[in-house]
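Heads up, the thing below is written out as structure tokens.
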Ligand code: FDA
């Protein structure tokens, strides 16, 4: 637009005079339902966590640009929300009670598929499910390498890398980004052609909330067979037996051909009827027919005792619905399924297989969980190992066998024990230290974890601390990004030297 925005010190009048009418203020009846609409982690839905001064839901790129400028002219910090799935609530909270506005992209969820060029333009507020649904409608043999949960927002997912069942074949979501539109701190819309190369690199995995608002992404779609094979099975047993199965998985999951994906989640439910047993559930996807899946897996992993009856042949989009836990492909478009849980999660990377003896100790540790404790192991290798560790900010490529995600989940009725539960998870994490990557101990930025350290912003624009905020941020930033951290700081200094876009773990500019 040619007209400069009308500044105003009050966000509501600024928005109205700039033609942005869809917003909610704390006094409004709509405020709490809108705030809660994609608030995934309910431990941030308590009175002690500060609430935004306004929630704006822009309906166009232009309204989004105006919302950024109005936030700045009214001296509010900006928190951008796409799907609201941040493990630490970073899209709808601020540090030190700094006043802030949530710019919620839920209404910016258009997805335009171009099957001829196998590309897609998607607004950041689209969920992965909406994207999968649109791809599935257009062509049975096209797919996008995204994650398993259908309500994750594209904005946060891609900003942090984006791993999923197709990543061993096609890499992360960020490895398939062709272009993007970034709204910068001055409200300008930049594309790949007009943005600095370091910045285009940084927005593809350097974490959400540091660079501006990504309004939309141009993504490469990938070819898949019209029919693929999937399975979702459980194996249950005492810790020592399950330990053997996990131990063997380490030699299978990361080493199978690119077309094979088999991840596992090991969990323990103290109150369940299965005594001291652990459950190991497997998520499997093979880009090929049943008989191929069965013959390869029974040779590589006979201990799994995979039966033909456990396999199904489906289209890729049907598999996406299945693994998201949905009844039908149509449910992929729902933004409300499964929103809201009490949990804490942490992550690690494993570079060398854990010995069977040590795996027994890991499994036994889990059977002492005070409530549902779990560990999710995602296999790397294949394309993940062939893509260079500096091609994008995401550094965990060759040499990283698999990622581990530790979780503890509880019910609302157990909230008085949340401190104990999170304490158990933190001690499990300490216990795992000898077995995982070191110097630094790696972590995945999309599994954001404030235990690793935090910025201590005290002003709306972040206002750098008196001591070196860059070296402070390096203490967790290098764990997410390894050697790529320095280039992220360079990119930040170019695109946002005033630190307008910040959060508890954002990349600080250098001074
Ligand atoms: P949310 O809106 O909370 O944003 C996350 C961060 O990105 C915030 O800091 C936010 O400010 C910023 N941000 C959001 N939109 C932005 C935009 N348009 N421009 C710039 N910054 C923006 N991950 C994975 O790789 N593979 C997986 O399979 C899964 N599975 C999974 C399941 C479940 C149930 C959950 C809760 C999470 C995952 N994840 C995952 C992790 C997920 O990728 C991560 O939480 C994403 O950051 C969520 O993105 P949202 O947009 O939903 O979150």
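The values are calculated or read from the model by the stated rules, or taken from the named source; none is laboratory data. Fair warning: this is a prediction, and the values are worked out from it, not measured in the lab. So basically every Cβ, Gly included, is an ideal-geometry build from the backbone, and we count neighbours across all protein chains shown.
What the table shows:
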item: Some residue of segment 449-456 being within 25 Å of residue 354 (Cβ to Cβ) and assigned to a loop (DSSP other than H, G, I, E, B); result: yes
item: Residue tally, condition within 7 Å of the ligand (Cβ to nearest atom) and at negative phi, over segment 155-193; result: 7
item: Matching option when the condition is in contact with a strand residue (DSSP E or B) (Cβ under 8 Å, 6 or more places away or on another chain), away from the ligand (no atom under 13 Å from the Cβ) and part of a helix (DSSP H, G or I), among 15, 64, 69; result: 15
item: Qualifying residue in segment 140-154 (condition: at pLDDT 95 or above, away from the ligand (no atom under 14 Å from the Cβ) and closer than 25 Å to residue 391 by Cβ); result: yes
item: Contacts under 7 angstrom Cβ, first residue in segment 26-38 being over 25 Å from residue 126 (Cα atoms), partner part of a loop (DSSP other than H, G, I, E, B) and more than 14 Å from the ligand (Cβ to nearest atom), 6 or more apart; result: 26/51
item: Scan of segment 216-229 for residues that are surrounded by 24 or more Cβ atoms within 10 Å (Cβ to Cβ) and either within 30 Å of residue 503 (Cα to Cα) or modelled with pLDDT under 95 (or both), ordered by number; result: 216, 217, 219
item: Sole exception among (1) touching a helix residue (DSSP H, G or I) at 6+ places or on another chain (Cβ under 7 Å); (2) closer than 22 Å to residue 163 by Cβ; (3) free of Cβ contacts under 8 Å to residues at least 40 places away in the same chain for residue 438, by number; result: (1)
item: Meets criteria (surrounded by fewer than 20 Cβ atoms within 10 Å (Cβ to Cβ), farther than 25 Å from residue 456 by Cβ and modelled with pLDDT of 95 or more) for residue 24; result: no
item: Residue satisfying condition, being modelled with pLDDT of 95 or more and surrounded by fewer than 16 Cβ atoms within 10 Å (Cβ to Cβ), within set 255, 247; result: 255
item: Enumeration of residues in segment 274-287 that are at pLDDT 95 or above and surrounded by fewer than 17 Cβ atoms within 10 Å (Cβ to Cβ); result: 281
item: Strands (runs of 3 or more DSSP E) enclosed by segment 79-190 - at least 3 residues per element that are under 26 Å from residue 20 (Cβ atoms) and in contact with a helix residue (DSSP H, G or I) (Cβ under 9 Å, 6 or more places away or on another chain); result: 100-104, 177-183
item: Counted residues, segment 80-131 - those being without any contact (Cβ under 8 Å) to a residue 60 or more places away in the chain, touching a strand residue (DSSP E or B) at 6+ places or on another chain (Cβ under 6 Å) and within 8 Å of the ligand (Cβ to nearest atom); result: 2
item: Residue identified as part of a strand (DSSP E or B) and surrounded by fewer than 17 Cβ atoms within 10 Å (Cβ to Cβ) among 232, 240; result: 232
